[in-house]
Amino acid sequence: MPSQDDILIGPHRIRPALNRIDGPQGTVRLEPRIMDVLVLLAQRAGEVVSRDELHSEIWAGTIVSEDVINRSISELRKALGDSHRNPVYIQTIPKRGYRLVAPVGAPRVHAKKTPRMAWIVPVIALVALSWWLGTWSAESTAIPDAYTTRPLTSEPGLENWPVLSPDGHRVAWAHRPDSSLVSHIYVRLVQDEAVHILTGGPAWDTRPWWSPDGTHIYFVRFRSGGCSVMRIPSLGGFAEAQADCTGTVYPDISLGVDGETMLMNWRSSPSSPFAIYALSAADSAHRQLTHPPDRSWGDHDARESPDGARLAFVRSASEGMQDVYVLETATQKERRLTHDARNIHGVSWLDNGKTLAVASNRAGTDDLWALDVASGRMSRLPVPDTRTAFPFTVPGRSEIVYERVRTDVNIWRADSSGTVEASPWSPSTAWDAHPAVSPAGTHVAFTSSRSGTYEIWLAGTDGEGVRQLTRHGAGYTSRPAWTPDGEAIVYVSRVDGNADLFEVNVTTGVRKRLTETPFDELAPSFDAEGRVLYSTNQNGSWEVGRLEERRATPGALPFRGVMGIQQDPLGNGYLYGKVGSPGLWRGHIDGSEVLEHASLDPRDWGSFNVLPDGEIILFDRAARAVLSVVGGRIDTLATLAFLLPAHDPGLAVHPQKRWMLLTRMDVQESDIVLAEPVR
């Protein structure tokens, strides 16, 4: 349901609860559903909202004609004093929908007046408390009461990693227009729509960063299997290599306040976590700054404070579990600031080392927060957006530039001939993946972020009757596997950082923990005797573990580098993928292995099913096809117009092969947005 909170659109105060607009020309009253249309457009300001979306959001379950939407838009333009030919509020995008192009913000909240003397004692106490805690100083930048937002980009694809120039007048970003690994660096003036493309060619150029004087832009370039830190004049010219970054996974770079030291996440070996290193362009020396725990994913997004006193960074305990830390420059001691274990997409200094802007889903949506470095207290920044990532600020200025991210992953159903249905199996605007069909073929378990965190959900085979099964509320819960009797589901959850196995009863919802080790237990399945098989890194490499009577046994089967193991129901060994190696493999208890099918991509270890009759159904990424493998015979069941997401189990087949479920990334877009204080 659209929000009932007041909104500022340009000079107009929108009051949904009263169905009225207060503006320069007076008060205009609207019909409730016309007001709902305006609120929806404001919630997605800068984005195109299709007519179908308007119908499903505002007139759900009602049959309405095209004229109803036309009239609603016309009434809104009239109420706002807008023009169809030269719109300043609502723009028509031919054959796509409508877009609100005016600045949108939240109104300033004024405190109630109190008797003159009543505030003296509380204020004295508050000042004393602030002095005692040392949380704020005269150097701190005051946080505005409200922001308005306006999009700086709107091209298709991913426009990300925005950075403002030191004077705040220009913004640079990376643009990846499609699914290819080609991305370029762009620059524009904040107050001018003209865009300048800085880089080109068949390379993945990303993570721009301005030099302190604004004359150059540093960026990361991936090409031909290598990685280089490059520097290019901000007005255009020849890009020069500054340092080698081959071996990094996260393309992450920033500059220290000296303008010469490059800060990058790096790891000393493939099995080590990423740490923050200082790179010198003069001698290519690497100096390690942070020291994450051995079994964590590591550190990234390093930002040195403007006074050079501390280094802020994000530490990932594991998938979906991040917190903010600082490294004090003088003592070289690390200090943890947050204890949320939630997704954090970027940090930036709001002032001279006192407060950080943090993009986090700590409250369920991707909001911007102000984090006080001294106390660790967080408060939501008054930016009217719930899809934020990678904020960037310039010390002494109050503007914030950030990514507005829109991602929609759905599960789709296809019949036995491979024909995909016209709409998602259980549509949502959340992230839905990892489908698993019950042994009787009557229910489907899947992973979803519908509740604000990743949990296990249950639905009927038609996608109806959806209900939440787990409520961990933190970490990353995923990869459900049905028990052979269909009464429970074993799944993976990272509630403590590492991946452990849990079980939940589908009828009662009673949950129990199966493993509690400092290692990772992943990709559960069941053998012929009903025991849980899983992949574990307990002995330093991925091997097969087995769970019997709550006792975990690593190395229970003689296979190495294994992920996604399933036992052949006909007793002909075990089938699995291998980490970093292509192919579907069949292994036997004596340790012998044979390549069953060569074209399974190592990223798709979770996208194959073994049916009760021994038939193998798998996704072939190179062919964009779902294949049937029986003995030496290979048949194509479906040719797809899309790819399943990599590294995520995205294929589930009915036990009698009546239908299949496929995971698809339907929307993955991001634009650059500027948040400015309401003056």
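The values are calculated or read from the model by the stated rules, or taken from the named source; none is laboratory data. As the structure is a computational prediction, the values presented were derived from the model and not from experiment. With ideal geometry, Cβ positions are generated from the backbone for all residues, glycine too; neighbour counts draw on all protein chains shown. Accessible surface is based on the protein model in full, side chains and every heavy atom, while ligands, DNA and RNA are left aside. Shrake-Rupley method; radii C 1.70, N 1.55, O 1.52, S 1.80 Å.
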Filter result (open to solvent by less than 50 Å² (accessible area, probe 1.4 Å), in a strand (DSSP E or B) and in contact with a Gly (Cβ under 7 Å, 6 or more places away or on another chain)) within the range 582-600: LEU584, ARG586, GLY587, HIS597
Filter result (touching a residue at least 60 places away in the same chain (Cβ under 8 Å) and part of a loop (DSSP other than H, G, I, E, B)) within the range 443-460: SER451, GLY452, THR453
Selection count, the range 275-314, where residues are assigned to a strand (DSSP E or B) and within 21 Å of ASP520 (Cβ to Cβ): 5
Pair list, Cβ under 7 Å, 6 or more apart: the range 495-510 residue closer than 17 Å to PHE446 by Cα and of a type in the set (Phe, Trp, Tyr), other residue open to solvent by less than 40 Å² (accessible area, probe 1.4 Å) and part of a strand (DSSP E or B): PHE502/TYR491; PHE502/SER493
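Can you find, within the range 616-653, the residue that is nearest to HIS597 (Cα to Cα) among those that are in a strand (DSSP E or B) and among the small types (Gly, Ala, Ser)?
SER628
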Matching option when the condition is out of contact with any His (no Cβ under 6 Å at 6 or more places or on another chain), assigned to a strand (DSSP E or B), modelled with pLDDT under 95 and open to solvent by 20 Å² or more (accessible area, probe 1.4 Å), among ALA317, ALA374, ALA330, ALA363: ALA317
Residues being assigned to a strand (DSSP E or B) and open to solvent by 20 Å² or more (accessible area, probe 1.4 Å) - total across the range 21-33: 6
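Condition check ((1) open to solvent by 30 Å² or more (accessible area, probe 1.4 Å); (2) among the small types (Gly, Ala, Ser); (3) over 30 Å from PHE519 (Cβ atoms); (4) touching a Pro at 6+ places or on another chain (Cβ under 8 Å)) across all residues:
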{"site": "ASP307", "(1), (2), (3), (4)": "yes, no, yes, no"}
{"site": "MET321", "(1), (2), (3), (4)": "no, no, no, no"}
{"site": "VAL326", "(1), (2), (3), (4)": "no, no, no, no"}
{"site": "THR338", "(1), (2), (3), (4)": "no, no, no, no"}
{"site": "LEU356", "(1), (2), (3), (4)": "no, no, yes, no"}
{"site": "ALA370", "(1), (2), (3), (4)": "no, yes, yes, no"}
Any hit, the range 70-79, residues being at pLDDT below 85 and over 30 Å from GLY46 (Cβ atoms): no
Residues within the range 218-254 that are farther than 30 Å from SER272 by Cα and of a type in the set (A, V, I, L, M, F, W, C), tallied: 4
Any pair with Cβ under 9 angstrom, 6 or more apart, that starts in the range 551-579 at a residue that is within 16 Å of GLY606 (Cβ to Cβ) and of a type outside the set (Val, Ile, Thr) and ends at one that is at pLDDT below 90 and loosely packed, with under 15 Cβ neighbours inside 10 Å: GLY561/SER541; GLY561/GLY580; GLY561/SER581
Hits in the range 254-297 (condition: more than 20 Å from ALA241 (Cα to Cα) and in contact with a His (Cβ under 7 Å, 6 or more places away or on another chain)): PHE274, ALA275
Checklist (1) under 26 Å from GLY545 (Cβ atoms); (2) under 26 Å from the mean Cα position of the chain (by Cα) applied to SER670, failing item: (1)
Close pairs from the range 89-118: first open to solvent by 80 Å² or more (accessible area, probe 1.4 Å), partner modelled with pLDDT of 85 or more, Cβ under 8 Å, at least 6 apart: ARG96/VAL48; ARG96/SER50; ARG108/ASP145; ARG108/ALA146; ARG108/VAL678; VAL109/ASP145
Filtered residues of the range 492-533 (kept if surrounded by 14 or more Cβ atoms within 10 Å (Cβ to Cβ) and at pLDDT below 90): ARG494, VAL495, ASP496, GLY497, ASN498, ALA499, THR517, PHE519, ASP520
Test: residue in the range 469-480 that is surrounded by fewer than 18 Cβ atoms within 10 Å (Cβ to Cβ), touching a residue at least 40 places away in the same chain (Cβ under 8 Å) and under 21 Å from ASN410 (Cα atoms): no
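Can you find a residue that is under 28 Å from ALA422 (Cα atoms) and more than 22 Å from the chain's Cα centre (by Cα) anywhere in the range 642-652? Break it down into steps so the answer makes sense when it comes.
Let us first name the residues in the range 642-652 that are under 28 Å from ALA422 (Cα atoms), namely 642-652.
The next check asks that each one be more than 22 Å from the chain's Cα centre (by Cα); those that pass are 652.
For the range 642-652, residues under 28 Å from ALA422 (Cα atoms) and more than 22 Å from the chain's Cα centre (by Cα): present.
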Set ASP36, ASP52: member being out of contact with any Gly (no Cβ under 7 Å at 6 or more places or on another chain), of a type outside the set (S, T, N, Q) and surrounded by fewer than 17 Cβ atoms within 10 Å (Cβ to Cβ): ASP52
Answer residue from the range 385-423, given it is polar (S, T, N, Q) and in a strand (DSSP E or B) and is most open to solvent (accessible area, probe 1.4 Å) among those: THR407
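Does at least one position in the range 233-248 carry a residue that is charged (D, E, K, R), part of a loop (DSSP other than H, G, I, E, B) and either modelled with pLDDT of 90 or more or surrounded by 19 or more Cβ atoms within 10 Å (Cβ to Cβ) (or both)?
No - not one qualifying residue is present in the range 233-248.
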Within the range 627-679, considering residues that are within 28 Å of PRO177 (Cβ to Cβ) and of a type in the set (Val, Ile, Thr), the one surrounded by the most Cβ atoms within 10 Å (Cβ to Cβ): THR663
Hits in the range 173-201 (condition: over 26 Å from the mean Cα position of the chain (by Cα), open to solvent by 30 Å² or more (accessible area, probe 1.4 Å) and of a type outside the set (Val, Ile, Thr)): LEU189, GLN191, ASP192, GLU193, ALA194, HIS196, GLY200, GLY201
The range 462-491, residues that are among the aliphatic types (A, V, I, L, M) and either modelled with pLDDT under 95 or in contact with a helix residue (DSSP H, G or I) (Cβ under 7 Å, 6 or more places away or on another chain) (or both): ALA474
Residue list for the range 494-552, restricted to those being outside any loop (DSSP other than H, G, I, E, B) and of a type in the set (A, V, I, L, M, F, W, C): LEU501, PHE502, VAL504, LEU522, ALA523, PHE526, VAL532, LEU533, VAL544, LEU547, ALA552
Residue under evaluation SER426, criteria (1) small (Gly, Ala, Ser); (2) crowded, with 17+ Cβ neighbours inside 10 Å; (3) not in a loop (DSSP other than H, G, I, E, B), criterion not met: (3)
Single condition GLY577 does not satisfy, out of (1) surrounded by fewer than 20 Cβ atoms within 10 Å (Cβ to Cβ); (2) under 18 Å from PRO524 (Cβ atoms); (3) of a type in the set (Gly, Ala, Ser): (1)
Hey, LEU279 open to solvent by less than 30 Å² (accessible area, probe 1.4 Å), of a type outside the set (Val, Ile, Thr), touching a Phe, Trp or Tyr at 6+ places or on another chain (Cβ under 9 Å) and modelled with pLDDT under 90 or not: yes
Residue under evaluation ARG679, criteria (1) under 30 Å from PRO151 (Cβ atoms); (2) within 30 Å of the chain's Cα centre (by Cα), criterion not met: (2)
